[in-house]
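*Asks:* Have a look at this one before I ask anything.
Coordinate-derived values only; no laboratory data. Just so you know, these numbers come straight off a predicted model, no measurement behind them. Cβ: placed from backbone, ideal geometry, glycine included. Neighbour counts: every protein chain shown.
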Amino acid sequence: MKSSSLYGHLAELLTMTRETPSPADGIVRRFFKDRHYLGGRERRWLSSHLYGALRHLRLLEHVAGEELRAQTAWNGRAPAVAVGAAYGILIAGEDPQEVCEAVREMWNTGIPGCPPEAVLHALPGRAASIGYDPGTPSSLALRHSCPDEIVGEGLARLGPAATEQLLVKLNEEAPLSIRVNTLKCTVEECARRLRAEGLEMLPGKLSPFALAFHRRVVLDDIPAYRD
């Protein structure tokens with residue numbers, strides 16, 4: 001699938017998750033169920049980018065919105081296409097020009113009169129310019145997309161260094177683990193079947209019945225999981 005289509009689906013998912021209080025995982029599950037043409041690779045890309053964007057949403061909306069207001073007459077919440085592109089550039093480390101090409105058609109439709117390059121190429125500088133005081137809750141909260149109240153409590157209890165270390169860890173993608181149903185097979189038998197399906201995993205650290213995957217997978221696409 002082309003990058004433009006992936007970013008189009010990502011914008012659709014971001015719009016849905018930002019406009020409804022429903023849990024994101026339920027929205028994603030229904031989204032994938034209704035779009036059978038999405039393969040495993042596309043689903044992994046969309047899941048990784050969506051959940052990553054949601055973890056960093058406060059920062060992404062801030063930098064994209066500020067740059068849009070600086071370049072255009074935009075007045076309001078940063079649109080989904082800008083938030084998704086900001087994630088690709090600032091967090092996923094994708095090439096800014098390649099992201100511009102991927103979102104160009106959507107961008108020109110939703111933000112006419114302003115090429116994506118004018119905003120997206122400026123995002124790294126905009127993010128770097130955020131005032132940074134390790135001892136100030138609002139500064140840390142914005143940089144790490146966390147509520148001010150939680151950061152303030154962390155600073156009071158842990159101090160600046162430990163609080164920032166905790167915030168960084170909270171925004172990292174958690175490893176995916178499953179628990180083997182030992183009424184059906186042993187952990188070793190499950191691991192062999194999963195490897196035969198092209199998946200790599202390690203024994204879980206917290207349970208002798210757990211397996212931890214090396215990368216994000218869509219569990220519903222795995223025959224062994226469905227069985």
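*Asks:* Listed residues ALA118, ALA156, ALA161, ALA127; which is part of a helix (DSSP H, G or I), of a type in the set (A, V, I, L, M) and touching a residue at least 60 places away in the same chain (Cβ under 8 Å)?
*Replies:* Testing whether each residue is part of a helix (DSSP H, G or I), of a type in the set (A, V, I, L, M) and touching a residue at least 60 places away in the same chain (Cβ under 8 Å) leaves just ALA127.
*Asks:* What number of residues within region 6-51 are without any contact (Cβ under 8 Å) to a residue 24 or more places away in the chain and under 15 Å from ALA80 (Cβ atoms)?
*Replies:* Total satisfying the criteria: 6.
*Asks:* Given the criterion surrounded by fewer than 12 Cβ atoms within 10 Å (Cβ to Cβ), part of a loop (DSSP other than H, G, I, E, B) and not small (Gly, Ala, Ser), identify the matching residue among LYS184, LYS169. Show your work before the answer.
*Replies:* Working: LYS169 fails: part of a loop (DSSP other than H, G, I, E, B).
So the residue among LYS184, LYS169 that is surrounded by fewer than 12 Cβ atoms within 10 Å (Cβ to Cβ), part of a loop (DSSP other than H, G, I, E, B) and not small (Gly, Ala, Ser) is LYS184.
*Asks:* Within region 132-156, which residues are small (Gly, Ala, Ser) and surrounded by 14 or more Cβ atoms within 10 Å (Cβ to Cβ)?
*Replies:* Matches in region 132-156: SER139, ALA141, SER145, GLY152, GLY154.
*Asks:* Report, by residue number, each residue of region 50-93 that is in contact with an Asp or Glu (Cβ under 7 Å, 6 or more places away or on another chain) and surrounded by 21 or more Cβ atoms within 10 Å (Cβ to Cβ).
*Replies:* ALA78, VAL83, GLY88, listed by residue number.
*Asks:* Which condition from (1) crowded, with 18+ Cβ neighbours inside 10 Å; (2) part of a helix (DSSP H, G or I) is the one that GLY26 breaks?
*Replies:* So the condition that GLY26 fails would be (1).
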